[in-house]
Structure formats: C-alpha cells, structure tokens
Amino acid sequence: MELPLSWMRGLYPRADFRHTALRHKQAHWVHFASIPADITLDGWLDGLKSSEGEAVILRGCSQPLADALKGRGFDLLPVGMEAEIPLGSFSPGTGLRELERRAAKRGRIVPFLVDEQRAGEMQAVWENSVHAGRPVLKKLFRNERSLHRRGLAFVQAGGQWLAFITWSHNNSRKRHLEQMVRRREAPAGVMEALILELIRKTVRDGYQTLSLGEVPFFFPEGFSPGARAGFIAAGGRRLSRIYNARGLHHFKNKFHPQWQPVYICGKPKVSWLHLVEMAWHSRFVHLAVETYLPFGHLFKKYKR
C-alpha cells in the first residue's frame, strides 16, 4: 500500500512520525513520516495512536490509500490531484525532446546528495528564483535539507547551478518528486531536462511509477469532488498570486501523466478549523497576508 505523499519507506529501525499539534479537537497533523519497509498499513496506523481518541489528520493521500483509510473510519476530503507517470509506457513527445536538446547546449545535469556541502548552491538557486523574499511553505513537501536525500542539478559550464530537483522514496514501486526550483534567468528547458533525466534514472533503479506530486485545487476530468471540496478548490484557484496551481498543472501535464485525486484524510473528521490551522502551520496564510493585504509586509516578522 502507498504512503501519503512525502512520507518515505525504507530500512528504518522503527516508524518516525513528524507531528504538528492542532488545537481543534486536540488533533495532530502527521505531515511526514519514515516507515520501515516491512510495516503494513495497519501497523503504522497503530503507531499513530499517541493517545486514546485523539484526532489524526493525514495529507497527500492517493485514491487507493484514501479508500483503505475510509474503510478504517477516516473522513475523506479531496483537495487536488496527483500526477503519476507509468514508467513502462512513458515516451517523451517531440516538444519535450526539443526542450531537452536546447537545454543541453547551456549546461549539464549532475547528481548530488542533499547535505550541508550542497546547501550553498541550493540556497543560491532559491534566492534567485521567483520565490525569493517570500515565506517558504512548510510541511507540504520535503524542502528541509534534513528530510530528503538526493537530487539532480542543472549546472552551467562555469559551475553555477541554474536549477535543481529532489525526490523521496514512497515505496518499492513508486518514487515521488519533491522540490523543483530554478533561477529566474534559467533558459527554457532546464526543468524539463531534469525531469526527463529523473524519469530515466527512476526506470534504471527499478521503479514502476514516478509521481510528479500534487496540483492543489484541480481535479481529474469527470471527478466530482463534492460541495465542500469544490468550494475550497474554487477559492484556491482565485489565489493564483500566492500559488499558481494552474501553471503547475500546465507544466506537469507536459509529461502526459495519469491524474488521480488526492485527499486530506482525518479520523474521525476533517473540519474547517483543521484546514485553517493547517493553512497557518504550512504558512499559506503568511503568503496570503503578504500578497493581498495592505501593509502585509509587516507580517514578515511572523515568518519564522
């Protein structure tokens, strides 16, 4: 069974859960976890029971996982969709191959370990990206150096990094893309070239699926999210200055993935107050205040 997005399965001695306490109903949002390879779904669910009756919130649950959790008493709230590439049938189109060819004239792709030695290069790319100077989203994907392991960088001849991506190991069949960051001045095609190289590497490493991650506020064609989820999605799509979900969907759709709904799952319920608290702890609220409200820059003192 799959894990929630950005959780990792591997050779860990025991399950390690990263929690954030939510005030409503004394819930805890489990945003990341490292799960031993031999622990089953029921096994790691038992490990979440930190106290009797305490509410649990999980984000980034794929359709198969959400269905399994629903059978165990969880409430499901669709919040977006996940782009999955079946590697056995993937073949890049002419447009992607041309972008990769053009990018190859401007540099090369090198693998790296996500550690303190590479912290400077990663930070330099971030500080020259469209995200520079804005609150960094937290607890939605693994963008902390201690929480993910490997990446690919696009490097100019002089050694300067133009872009990088990182990934995590969801299970023996599935690898999950985590970060995608590029300099503003990076030429067209560098990010497409990095993804195509990751696809080839993921095939060589024996995986069957590469997840390009979530696009929030959009749902697969023909999927009916329900009134509450539809209202949230419609509102989120209007906040494009904070999070350009439409642009993210356009980029990921270049790789012709299979789209599947992705859920927030909660036991016993996912409430509106839980969503508000999660928006605060992930710093989505911080982005909204700075972007849309007069004198929002004064909110920067709360970034940390």
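The values are calculated or read from the model by the stated rules, or taken from the named source; none is laboratory data. Bear in mind that the values here come from a model prediction, so they are computed numbers and not experimental data. For neighbour counting, all protein chains shown are included, and Cβ atoms are generated from backbone atoms with ideal geometry for every residue, glycine included. For accessibility, only protein heavy atoms count, side chains too; no ligands or nucleic acids. Shrake-Rupley method; radii C 1.70, N 1.55, O 1.52, S 1.80 Å.
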Which strands (runs of 3 or more DSSP E) does the stretch 38-130 wholly contain that include 3 or more residues that are surrounded by 21 or more Cβ atoms within 10 Å (Cβ to Cβ) and in contact (Cβ under 8 Å) with a residue 40 or more places away in the chain? 56-62, 75-86
Within the group 248, 273, 212, 198, which residue is farther than 28 Å from residue 23 by Cα and either touching a helix residue (DSSP H, G or I) at 6+ places or on another chain (Cβ under 6 Å) or surrounded by fewer than 16 Cβ atoms within 10 Å (Cβ to Cβ) (or both)? 212
Checking residue 233 against (1) touching a residue at least 60 places away in the same chain (Cβ under 8 Å); (2) open to solvent by less than 90 Å² (accessible area, probe 1.4 Å); (3) under 29 Å from residue 70 (Cβ atoms); (4) in a loop (DSSP other than H, G, I, E, B), which single condition isn't satisfied? (4)
Within the stretch 15-32, how many residues are in contact with a Ser or Thr (Cβ under 9 Å, 6 or more places away or on another chain) and either among the small types (Gly, Ala, Ser) or assigned to a loop (DSSP other than H, G, I, E, B) (or both)? 2
Residues that are polar (S, T, N, Q) and over 27 Å from residue 33 (Cβ atoms), drawn from the stretch 113-157: 128, 129, 156
Take residue 141 and tell me if it is of a type in the set (Phe, Trp, Tyr) and open to solvent by 40 Å² or more (accessible area, probe 1.4 Å). yes
